[in-house]
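Engineer: I'd like to ask you about the structure that follows.
The values are calculated or read from the model by the stated rules, or taken from the named source; none is laboratory data. This is a predicted model, so every value here is computed, not measured. Cβ atoms come from the backbone with ideal geometry, glycine included; neighbour counts cover every protein chain shown.
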Amino acid sequence: MSNVIILGAQWGDEGKGKIVDLFCGRFEFVARYQGGHNAGHTVQIGDKKFILKLIPSGILHPGKRAVIGNGLVVDPAALLNEMQSLTAVGVNVAAQLSISNRAHVLFPFHRTMEHMLDAIGTTSRGIGPCYEDKAGRRGIRMADLLDRERFGAQFDALAADKGIVARAFGVADELDLERIRAEYEGFAEQIRPMVCDTARLLNEAIRAGKSVMFEGAQGTMLDLDHGTFPFVTSSSASAGGACTGTGVAPTRIHAIVGVAKAYTTRVGGGPFPTEALDAMGDQIRQRGHEFGSVTGRPRRCGWFDIPQVRYAAMLNGLDSLVITKLDVLDQLEKIPVCTTYRSGRHEVTDMPATAAGLEALEPVYECLPGWRTSTQGVSRYEELPLQARDYLAYLENRTGVEVGCISTGPERNQTIVRRESRFGKLFT
Ligand code: IMP
């Protein structure tokens, strides 16, 4: 029995959805611990593609219990939409899904606030303003939503607050607060059977010998505290968030796995030292289909950044790395990898605390030979071309974390697991 966190080691979109989907068969529970429907986890099964935003990818496995932890902000309309599309393909959502009674509820006015105030290129889902209300102790939680009387009073107070801001910005007409309240009272009835104390649910399951996979959303460099602030999301996307966002103690976690692409991408504003603003960047974007699964925005593309991933490994205490989308690099003659940063003539080994500080640094590259042959679908490590194995060994040595698994395509079977690794021992 092992409880494992799987999280993004870069700026999100690392391909966690596929990895969680692939290995969640070994766990009885899959729990999300932060974020909301800003995340987009893509899982490809045969010719069917599922994009899950709020519900953990584990739900696609019959009998698995999927948990939306207390650390999330939940837009009930988005949740019900997702539930309907899963039900339509035969998933028994009502039996498999549990939602924390302490998760915060996201309202349409959170989106309105975000439209007025966004300065960093968010996903425009209202995630930040909802977390602001949580931190400001004004937010409404699932347990409040289900208590009609309490909800009425809390909604009026919160709505009055938002009304003042909306009027100041001249957008008050966009907010039909009575309609929103009635709509949410309706949502409450649909969600009610699934809402419970998920901290108790998970802890009792663990005590009974069951295992939990904690599914991170976004990535370490988007973590509110440790990421490239202020160009970050509003939740704890790094490993610590799994505990605060579910109510499961650190002593119950046995391993932490980071997922990173063989290159790097980022969506939205903010520093990105290894961004390739040339034709190579475009080539990666096209070959890797690097367009946001939630917003459709083109992702910024660049090279693997060793200091960044090493930093993520430190913050999360990574036991193993999964390298995804190796095949996207198949055609390249040379592959630049950032080995360190430089400021003038000085090498910088720390991650600067400010976005401006990171932007001012110059990445130093080493160019590794490409393999110029297809690795798509390769499922045995020995069958990778020598240069691809050298590339992976280089990432492993320089980041200080084993590469335990490699993804060579979107399908479940397009995956290499290195059986002798810590990852292999956990998952095979
Ligand atoms: P928010 O999470 O919508 O507040 O957006 C804050 C920042 O995080 C923006 O730069 C978004 O592009 C980024 N972001 C949020 N969710 C994801 C994700 O799932 N993948 C990649 N970037 C994300």
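Engineer: Filter region 231-278 down to the residues that are over 15 Å from the mean Cα position of the chain (by Cα), small (Gly, Ala, Ser) and modelled with pLDDT under 95 and list them by number.
Structural biologist: GLY269
Engineer: For region 144-153, check the following and say yes or no: at least one residue is surrounded by 13 or more Cβ atoms within 10 Å (Cβ to Cβ), within 16 Å of the ligand (Cβ to nearest atom) and farther than 25 Å from GLU28 by Cα.
Structural biologist: no
Engineer: Which condition from (1) modelled with pLDDT of 95 or more; (2) of a type outside the set (Ser, Thr, Tyr); (3) surrounded by fewer than 16 Cβ atoms within 10 Å (Cβ to Cβ) is the one that ARG345 breaks?
Structural biologist: (1)
Engineer: Exactly one condition in (1) modelled with pLDDT of 95 or more; (2) away from the ligand (no atom under 16 Å from the Cβ); (3) within 30 Å of ALA355 (Cβ to Cβ) is false for GLY128; which is it?
Structural biologist: Unmet condition: (2).
Engineer: Among residues belonging to region 238-263 that are in a strand (DSSP E or B) and of a type outside the set (Gly, Ala, Ser), point out the one that is surrounded by the fewest Cβ atoms within 10 Å (Cβ to Cβ).
Structural biologist: Applying the filter and picking the extreme gives ILE256.
Engineer: Please verify whether region 55-69 includes one or more residues that are aliphatic (A, V, I, L, M), surrounded by fewer than 19 Cβ atoms within 10 Å (Cβ to Cβ) and modelled with pLDDT of 95 or more.
Structural biologist: No, region 55-69 contains no residue that is aliphatic (A, V, I, L, M), surrounded by fewer than 19 Cβ atoms within 10 Å (Cβ to Cβ) and modelled with pLDDT of 95 or more.
Engineer: Test GLY121 against the criterion of being within 16 Å of the ligand (Cβ to nearest atom), more than 26 Å from ILE164 (Cβ to Cβ), touching a Phe, Trp or Tyr at 6+ places or on another chain (Cβ under 7 Å) and not acidic (Asp, Glu), and give yes or no.
Structural biologist: no
Engineer: How about region 403-423: which of its residues are of a type outside the set (Phe, Trp, Tyr), closer than 24 Å to ILE306 by Cβ and either buried (at least 19 other Cβ atoms within 10 Å of the Cβ) or touching a Cys at 6+ places or on another chain (Cβ under 8 Å) (or both)?
Structural biologist: Scanning region 403-423 gives VAL403, GLY404, CYS405, ILE406, SER407, THR408, THR415, ILE416, VAL417, ARG418, SER421.
Engineer: Of all residues in region 124-135, which are surrounded by fewer than 22 Cβ atoms within 10 Å (Cβ to Cβ) and over 13 Å from LYS162 (Cα atoms)?
Structural biologist: Correct list: SER124, LYS134, ALA135.
Engineer: Now for a different question. Take residues that are within 24 Å of GLY247 (Cα to Cα) and within 14 Å of the chain's Cα centre (by Cα) and tell me which of the helices (runs of 4 or more DSSP H) falling wholly in region 1-106 contain 3 or more.
Structural biologist: Answer list for region 1-106: 16-23.
Engineer: Out of all the residues in region 304-351, which are in a loop (DSSP other than H, G, I, E, B) and within 26 Å of THR415 (Cα to Cα)?
Structural biologist: GLY317, LEU318, ASP319, LYS325, ASP330, GLN331, LEU332, GLU333
Engineer: State the number of residues belonging to region 264-289 that are more than 11 Å from the ligand (Cβ to nearest atom) and either assigned to a loop (DSSP other than H, G, I, E, B) or not hydroxyl-bearing (Ser, Thr, Tyr) (or both).
Structural biologist: 18
So that you can scan it fast, the table gives a plain yes or no per residue for (1) within 29 Å of the chain's Cα centre (by Cα); (2) outside any helix (DSSP H, G or I):
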| site | (1), (2) |
| --- | --- |
| ALA353 | yes, yes |
| ALA356 | yes, no |
| PRO363 | yes, yes |
| GLY377 | yes, yes |
| GLU382 | no, no |
| ALA388 | yes, no |
| LEU392 | yes, no |
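Engineer: Return the residues of region 394-412 that are closer than 26 Å to ARG26 by Cα and within 22 Å of the chain's Cα centre (by Cα); say none if nothing qualifies.
Structural biologist: VAL401, GLU402, VAL403, GLY404, CYS405, ILE406, SER407, THR408, GLY409, PRO410, GLU411, ARG412
Engineer: If we scan region 371-385, do we find a residue that is under 30 Å from GLY269 (Cβ atoms) and touching a strand residue (DSSP E or B) at 6+ places or on another chain (Cβ under 7 Å)?
Structural biologist: Taking every residue of region 371-385 in turn, none turns out to be under 30 Å from GLY269 (Cβ atoms) and touching a strand residue (DSSP E or B) at 6+ places or on another chain (Cβ under 7 Å).
Engineer: Any chance region 209-228 includes a residue that's at pLDDT 95 or above, away from the ligand (no atom under 12 Å from the Cβ), among the polar types (S, T, N, Q) and over 23 Å from ASP118 (Cβ atoms)?
Structural biologist: Checked against the condition, which is being at pLDDT 95 or above, away from the ligand (no atom under 12 Å from the Cβ), among the polar types (S, T, N, Q) and over 23 Å from ASP118 (Cβ atoms), region 209-228 yields at least one hit.
Engineer: Give just the number: which of (1) surrounded by 16 or more Cβ atoms within 10 Å (Cβ to Cβ); (2) within 14 Å of the ligand (Cβ to nearest atom); (3) of a type outside the set (A, V, I, L, M, F, W, C) does GLY296 not satisfy?
Structural biologist: (1)
Engineer: Given the condition polar (S, T, N, Q), within 16 Å of the ligand (Cβ to nearest atom), crowded, with 24+ Cβ neighbours inside 10 Å and under 21 Å from ILE406 (Cα atoms), answer yes or no: does some residue in region 25-43 qualify?
Structural biologist: No, that holds for no residue.
Engineer: Also, quick follow-up: Name every residue in region 394-428 that is in contact with a helix residue (DSSP H, G or I) (Cβ under 7 Å, 6 or more places away or on another chain) and in a loop (DSSP other than H, G, I, E, B), in order of residue number.
Structural biologist: GLY400, VAL401, GLU402, THR408, GLY409, PRO410, ARG412, ARG418
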